[in-house]
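Below is one structure, written out as structure tokens, with a few remarks after it.
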Amino acid sequence: VPKKCVHRFLGHNKGVHRIRCFPRTGHLLLSAGLDGKCKVWSTTDKKVMRTYIGHTAGVRDVQFNNDGSKFVSCSFDRYLRLWNTESGKVLGTFTNRRVPYTVKFYPHDDNLFVVGCSDNKIVTYDSTTGEITQEYNHHLAPVNSILFVEDHGTKMVTTSDDKKVLVWEWDIGVPIKYISDPTMHAMPCTALHPGKQYFCGQSLDNHIAVFQARDRFALQKKKKYQGHQVAGYACQMDISPDGQFLVSGDGNGKVYFWDWKRHKMLQKYRAHDNGPAVACAWHPLEPSTVFTCGWDGVIKMWQ
């Protein structure tokens, strides 16, 4: 588990809403700022490599494609932009005149990405044509998170403000599984465990719930991580690549570490000021390197 903050990446004028590590190697860190800029940082040289300016409002989510050559950003100006990571060119702009809340690339095909929108729909874009190829319309409130599970992503788990979790077969517009429970709260963020057996959701009544990521998608009642105050914020959590630790920020700017198997809190640190620690990313190769970002505009690296 990381011990202290070793570096602070400064450069965003407003808060940073999401950070993502470069797939597989983690030598670059992509950040989405509420000032409308995306930045790519080198995690080894500790400096900003490129700034991507193209949105007129804050960027809500960013996602690398599967090899990291491109990334897509979705913003509160209702546009999605597909960028070339190396050259910084915009390869495509997509909109359906709704605010996109979350975006994910389809694991089997880099040309398709899935967007959860504010009009309760989930749409699939084909980036080669710019067309919408599929709509998944079953949620009753804006869609918050999308997660691909089961044999490298043939099924899709989505969560929404309507407190339901729906499981879809890829490219079929009817959900195959409906997880809904009177005691459940909305889950704005989800993360898949590296063992691919479980996924966890940040439940807004201040705990992290764990579900099976296959077969019955049953709620694991014994696995429950508590102790942080997350109500009202979409704090993205992450799980270490060996599957031992769970890290999450909370609404008061603290960062918490839990043991995955024993469900007990190991550490908590004061990480960010005046606002939540809104996203965490665990380095895919270095065992105890974690990045956190918050609405104070600072990205911190912990080791």
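The values are calculated or read from the model by the stated rules, or taken from the named source; none is laboratory data. This one's a predicted model, so the numbers in the text were calculated from it and none came from an experiment. Cβ atoms come from the backbone with ideal geometry, glycine included; neighbour counts cover every protein chain shown. The protein model used for the area step is the full one, side chains on, heavy atoms only, and it has no ligands, DNA or RNA in it. Shrake-Rupley method; radii C 1.70, N 1.55, O 1.52, S 1.80 Å.
Descriptive notes on the structure:
- Computed Rg/Rh of the stretch 230-303, alpha carbon atoms with Kirkwood Rh: 0.95
- Counting 0.36 nm for each residue step from S288 to N111 and taking away their Cα separation leaves a gain of 60.4 nm.
- Pairwise FRET efficiency - Q229 versus S118, Cβ, R0 = 25 Å, nearest 0.05: 0.45
- Gyration tensor verdict on the stretch 1-152 (Cα atoms; rounded if a/c is under 1.5, prolate if a/b is larger than b/c, oblate otherwise): prolate
- For the stretch 209-303, the list of trypsin sites (Lys or Arg not before Pro) that fall in a loop by DSSP and count at most 12 other C-beta atoms within 10 angstrom reads R216, K261, R262, K264.
- 14 Å cut-off, amide nitrogen to a point 7 angstrom out along K177 Cα→Cβ, residues in the stretch 213-232: 213-221
- On a per residue basis, the chain carries 41 Å² of accessible surface, using protein heavy atoms and a 1.4 Å probe.
- 10 Å Cβ shell holding at most 12 others, DSSP loop, GluC sites (Glu not before Pro): longest site-free stretch of the chain: 132-303
- Net charge over other residues, Cβ less than 11 angstrom from the Cβ of N137 (K, R count +1; D, E count -1): -1
- Relative contact order for the stretch 116-174, counting Cα pairs under 8 Å that sit 6 or more residues apart, in percent: 28 percent
- FRET E, pair Q134, R97, Förster distance 22 Å, beta-carbon r, rounded to 0.05: 0.75
- If you take the Cα centroid of the stretch 147-225 and the Cα centroid of the stretch 252-270, the two points sit 21 Å apart.
- Rounded percent of accessible protein surface that carbon and sulfur make up, the chain, 1.4 Å probe: 47 percent
- Label point distance in nm, R50-D151, each placed 7 Å from Cα along Cα→Cβ: 3.6 nm
- Among the listed options (1) 31, 56, 13, 0; (2) 23, 53, 22, 2, 0; (3) 36, 61, 3, the one matching P(r) over Cα pairs in 20 Å bins from 0, in percent as calculated from these coordinates is (3).
- Exposure of R98 as accessible area (Å², to 10), given a probe of 1.4 Å and all protein chains: 90 Å²
- Computed over the stretch 159-259, the quotient of the alpha carbon radius of gyration and 2.2 N^0.38 Å is 1.06.
- Label-point separation in nm, H7 to K221, each point 7 Å along Cα→Cβ: 4.7 nm
- Rg and Dmax, both from the Cα atoms of the stretch 120-193 and both in Å, are 12.5, 43.
- Mean sequence separation of contacting Cα pairs (under 8 Å, at least six apart), scaled by the length of the chain, corresponds to a relative contact order of 15 percent.
- Amide hydrogen neighbours beyond the local backbone of Q134, cut-off 5 Å, H modeled: T124
- Of H27, H283, the order by accessible heavy-atom surface (1.4 Å probe, DNA, RNA and ligands excluded), from most exposed downward, is H27, H283.
- As a length-normalised measure over Cα pairs under 8 Å and 6 or more apart, the relative contact order of the stretch 1-92 settles at 19 percent.
- Summarising the label geometry, the points placed 7 Å from Cα in the beta-carbon direction at K264 and N252 lie 2.2 nm from one another.
- Of M49, M156, M184, M265, the residue with the largest accessible area leads and the full order is M49, M265, M184, M156 (1.4 Å probe).
- Heavy-atom accessible area with a 1.4 Å probe sorts I239, I53, largest first, into I53, I239.
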